[in-house]
Amino acid sequence: MSAAAVIDQLRRSFGPDALLTGEGDLDARSHDTWPVATVWAKLGRHPHRPDAVVRAGSVADVVEVLRIAGETGTPVTAWGLGSSVTGQPLPVAGGIVLDLAGLVSEPELDELDRTVTVAAGVRGSDLESWLGERDLTLNHSPQSLGRSTVGGWIATRATGQFSSRYGGIEDLVVGYQVVLADGTVADLGQRPRAAMGPDLKEFFLGSEGTLGVVTRVTLKVFARPELRITEAFTLPTVEAGLAVMREVVQAGLRPHLVRFYDIDEAAHAVPDRPATAPVLFLGHEGLAGVATAEHAAATAIVTAHGGASMGAAPVDAWMARRYDFSSVENLLAEPGGYAETVEVANLWSRIGPMYAELKEQLAPLADEVLGHFSHVYDQGSSLYMILLGRAADDETALRRLEEIWARAMKVVVAHEGEISHHHGGGLARQPWVRESLGTGYPVLSRVKQALDPDHILNPGKLGFGTRS
């Protein structure tokens, strides 16, 4: 069916405030905050543009959009606040962008079970502020807290800066509601654990809107910690820092904050001091006695590896600016300016060599190549490679960004690492999805075929093609 005919059907179901077809509205939904998309916008390019935008204000609206899409064979791409940095919400096959930012509700707090339930379009910082007024917190703090929705956290399998203690969204979500491609509404979750088959809520975590549309979320909440201790340390080498992180977590300690910067990024992490060594940020929180004991035990491990305290001031300064994107945004706004963050992960046995090769391979592609490790687990850690550069013009900058992704993914796959830790696949990683998932990919493909056989939902992501 033609786009015009689909729009006519949408117009009969939605009023002018909910159905958007203006050039500016369509252009705005053809770019997220992926640096490649940002450069496209600077160049006046809109390669992934919808035919219409529908602002959903209820679950019934979502069901109606999917009904029309199914009957007409029209692609639907869910959109939250457009803060993805990998092109996840870009409608590569056109069709309908389903804007969920208006799907909001007053939080429903269960103080006894320590949960809060909200509609999927609620902004993360709004929910955190509401809880803060009640001396509670989500303990979920992605850098995009003020630019992302709770439904987006589910769809992208997000994690936050304190995940080493509290876990990613997969650990913090209790349950959620999802609308399938055929309009079926399903509530998924456990109370608090179940052995009745697989945990169905895992199917949609990180599915990037390719399997269903999340409409309501129930999350854990926590009391504010009695005590928070933070401290920064220098360490003699990257190897020493990795050993500290591994020994801390494998000893059973659970710091809420673990961030280890190589010497290049240490200059940015502690800008008021000369960068002479890698730097570790470490923090523990909770009951005063427990946090104090854990921090003392972790500090002993740091000291044993040649660490020297810098005090709490560097961490306090970082905490005050940790949601600030301006340095990257300002660079991207310059003619020829570019910046990219490639976050990956690997086992302790592989992450050091993978980091070393990434630094070597990416060095020619930017003025600065920075690295830091965070989000630690018993078996390994995530790794961020941050690249900052200035090219002669925006066309050259775009080619540099494309080459950064090609080189980085090749290295990570060669080291048998995870090509994304929490930013997801989107368009940035689309060429490497199948290679990354290996023999697991046919399982994902069969789930997709069962839930969305016509490939209506967000085609062109997670290795799936567009509808033929």
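The values are calculated or read from the model by the stated rules, or taken from the named source; none is laboratory data. This structure is a prediction, so every number in the text was calculated from the model and none was measured. All Cβ positions, even for glycine, are placed from backbone atoms using ideal geometry, and neighbour counts span all protein chains on display.
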Residue list for the stretch 384-443, filter: farther than 21 Å from Ala37 by Cα and of a type in the set (S, T, N, Q):
Ser436, Thr439
How many residues, within the stretch 150-180, are in a loop (DSSP other than H, G, I, E, B), within 15 Å of the chain's Cα centre (by Cα) and either within 28 Å of Arg67 (Cα to Cα) or modelled with pLDDT under 95 (or both)?
1
Please go through the stretch 262-315 and pick out each residue that is part of a loop (DSSP other than H, G, I, E, B), buried (at least 18 other Cβ atoms within 10 Å of the Cβ) and within 30 Å of the chain's Cα centre (by Cα).
Asp262, Val270, Ala275, Ala277, Pro278
So which pairs qualify, if the first residue must be in the stretch 71-92 and at pLDDT below 95, the second must be outside any strand (DSSP E or B), the Cβ gap must be under 9 Å, and the two must be at least 6 apart or on different chains?
none
Checking the structure you have, find out if any residue of the stretch 19-40 is in contact (Cβ under 8 Å) with a residue 40 or more places away in the chain, in contact with a Pro (Cβ under 6 Å, 6 or more places away or on another chain), polar (S, T, N, Q) and buried (at least 20 other Cβ atoms within 10 Å of the Cβ).
no
Could you say whether any residue in the stretch 364-372 is at pLDDT 95 or above and acidic (Asp, Glu)?
yes
Filter the stretch 100-131 for residues that are free of Cβ contacts under 8 Å to residues at least 12 places away in the same chain and assigned to a helix (DSSP H, G or I); the one that is surrounded by the most Cβ atoms within 10 Å (Cβ to Cβ) is Asp126
Neighbours by Cβ (under 8 Å, 6+ apart or cross-chain): first from the stretch 313-339, among the acidic types (Asp, Glu); second in a strand (DSSP E or B):
Asp316/Thr230; Glu334/Arg390
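Residue-by-condition table, conditions (1) among the β-branched types (Val, Ile, Thr); (2) modelled with pLDDT of 95 or more; (3) in the same structural domain as Tyr166 (by TED's automatic domain parsing):
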position	(1), (2), (3)
Arg273	no, no, no
Gly289	no, yes, no
Pro314	no, yes, no
Ala317	no, yes, no
Thr341	yes, yes, no
Ala345	no, yes, no
Of the numbered conditions (1) assigned by TED's automatic domain parsing to the domain that holds Trp34; (2) assigned to a helix (DSSP H, G or I); (3) of a type outside the set (A, V, I, L, M), Pro89 fails exactly one; give the number of that condition.
(2)
